[in-house]
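K.L.:
One structure is given below, represented as structure tokens, and several questions about it will come after.
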Amino acid sequence: DLISTATEIAKKSRTPSRNIGQLLAEAEAKITEISSRSTNKSYTHIKPILATSFEQLEQNSQTDSEVTGLATGFVDLDKITSGLQASDLIILAARPSMGKTALALNMAKFAAVKAGVKGAVLIFSMEMSKEQIGVRMLSAEAKVDSNRLRTGNLEASDWDKLAMATDALSGTEIYVNDTAALSPYELVTVCKQLHKESPHGLAFVVVDYLQLMRSSRPNVPREQEIAEISRSLKGLAKDLGIPVLALSQLNRSLESRGDKRPQLSDLRESGAIEQDADIILFIYRDEVYNEDSAEKGIAELIISKHRNGATGTVKLAFQGKYTLFGNISTKERYE
């Protein structure tokens, strides 16, 4: 329709006697007609919106839980965010070795294993292979040293733990895609395919990590490329009505500061990311920089942006050998 209409308009424009104003009006009318047929209705009356909102309020009031979204398993974080909310883009950023992949996998694992979320959990790993992701998740679930898993130097007691962890993880709807350098279009296509195929749709997406994606357009400036990727991830969250957790790098410049806790300005190519994100989380572990730190085994999770709620810092326990974060407030402190 569009091609034939364009051809017709071009043909008429070459007729000397045609009035330009009349021709433009005719072209606009035809294009508007095509657009109305090919796009979804883009507006909704307030009445059904309020009905849906009121229904959600009723559901929230009938539960004792403060978590209305997807629980992360980290109680202090969930108290502030009420869980990861549908349609939200959550950015998790940190310098290398802080544990951002570990924390993201812990959240994905909790959603699928402990929270019993209805729907698939999809992890895009553009840096690590799917086998490496599997080892990390086994280590965290079984609490078996990840180095021993990689080298095969396992103790007799490890095998029972690993068998139980394998059963727990195998019974979930966790999926891993380890294709390198995906474009936004490719990533969204995979998500929509799984959303359609899974009995309960797609519930949660993890992208590790944002800067390893590539633009659908060649030869664009890096900031425009990141902006396109960021917008597409936010659009995915809205279209499917699910939380999307995207990991991000931080600029090296923070290493030169006295206080190395990340700030919003440290986000690499930060403009679009900061604008599109509903929540921005930073990980800081003092022991990475200070060998004699009094905060060994402790991570600060800094909520620097929260579009619909409070910001602040929560402390988590961290056990590196299991690539596992835990709740300090419930005595999950690792020595």
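K.L.:
Hand me the list of helices (runs of 4 or more DSSP H) wholly inside the stretch 1-81 holding 1 or more residues that are among the charged types (D, E, K, R), surrounded by 10 or more Cβ atoms within 10 Å (Cβ to Cβ) and modelled with pLDDT under 70.
P.N.:
Numbers: elements: 2-13, 20-38, 46-61, 75-81.
Filter on the stretch 1-81 gives 20-38.
K.L.:
Being surrounded by fewer than 14 Cβ atoms within 10 Å (Cβ to Cβ), of a type outside the set (Gly, Ala, Ser) and within 22 Å of Ala203 (Cα to Cα) is the requirement here; does Asp167 meet it? Show your work before the answer.
P.N.:
Details: surrounded by fewer than 14 Cβ atoms within 10 Å (Cβ to Cβ): yes; of a type outside the set (Gly, Ala, Ser): yes; within 22 Å of Ala203 (Cα to Cα): yes.
Yes: the conditions hold for Asp167.
K.L.:
Filter the stretch 118-132 for residues that are touching an Asp or Glu at 6+ places or on another chain (Cβ under 6 Å), closer than 10 Å to Thr179 by Cα and part of a strand (DSSP E or B) and give the result.
P.N.:
In the first step, residues of the stretch 118-132 are kept if they are touching an Asp or Glu at 6+ places or on another chain (Cβ under 6 Å); the result is 120, 125, 129-130.
With closer than 10 Å to Thr179 by Cα added as a condition, the list becomes 125, 129-130.
Across the stretch 118-132, the qualifying residue is only Ser125.
K.L.:
Select from the stretch 211-243 the residues that are closer than 11 Å to Leu187 by Cα and of a type in the set (A, V, I, L, M, F, W, C) and write down the one among them that is nearest to the chain's Cα centre (by Cα).
P.N.:
Here the answer is Leu233.
K.L.:
Filter the stretch 270-296 down to residues that are within 17 Å of Leu316 (Cβ to Cβ) and free of Cβ contacts under 8 Å to residues at least 60 places away in the same chain and give me whichever is surrounded by the fewest Cβ atoms within 10 Å (Cβ to Cβ). Please lay out each step first, then the result.
P.N.:
Step one: filter the stretch 270-296 for residues within 17 Å of Leu316 (Cβ to Cβ), giving 279-288, 293-296.
Still in the running and free of Cβ contacts under 8 Å to residues at least 60 places away in the same chain: 286-287, 293-296.
Working: Asp286: 16, Glu287: 16, Ser293: 13, Ala294: 8, Glu295: 14, Lys296: 14.
Result: Ala294.
K.L.:
How many residues does the stretch 253-265 hold that are touching a residue at least 24 places away in the same chain (Cβ under 8 Å) and either charged (D, E, K, R) or outside the structural domain of Leu92 (by TED's automatic domain parsing) (or both)?
P.N.:
So the first thing to find is which residues in the stretch 253-265 are touching a residue at least 24 places away in the same chain (Cβ under 8 Å), and the list is 254-255, 260-264.
Still in the running and either charged (D, E, K, R) or outside the structural domain of Leu92 (by TED's automatic domain parsing) (or both): 255, 260-261.
Summing the residues that are touching a residue at least 24 places away in the same chain (Cβ under 8 Å) and either charged (D, E, K, R) or outside the structural domain of Leu92 (by TED's automatic domain parsing) (or both) in the stretch 253-265 gives 3.
K.L.:
Within the stretch 174-183, is even one residue assigned by TED's automatic domain parsing to the domain that holds Ile91, at pLDDT below 90 and over 27 Å from Ala140 (Cβ atoms)?
P.N.:
Yes - at least one qualifying residue is present in the stretch 174-183.
K.L.:
Let me ask something else about it. If I ask for residues that are of a type in the set (Val, Ile, Thr) and at pLDDT below 90, which ones from the stretch 289-330 would you list?
P.N.:
From the stretch 289-330, those of a type in the set (Val, Ile, Thr) are 298, 302-303, 311, 313-314, 323, 328, 330; that's our starting set.
Passing the criteria: Thr323, Ile328, Thr330.
The values are calculated or read from the model by the stated rules, or taken from the named source; none is laboratory data. Computed from a predicted model, the values in this text were never measured in an experiment. When we count neighbours, we look across all protein chains shown, and the Cβ atoms used for this are built from the backbone with ideal geometry, even at glycine.
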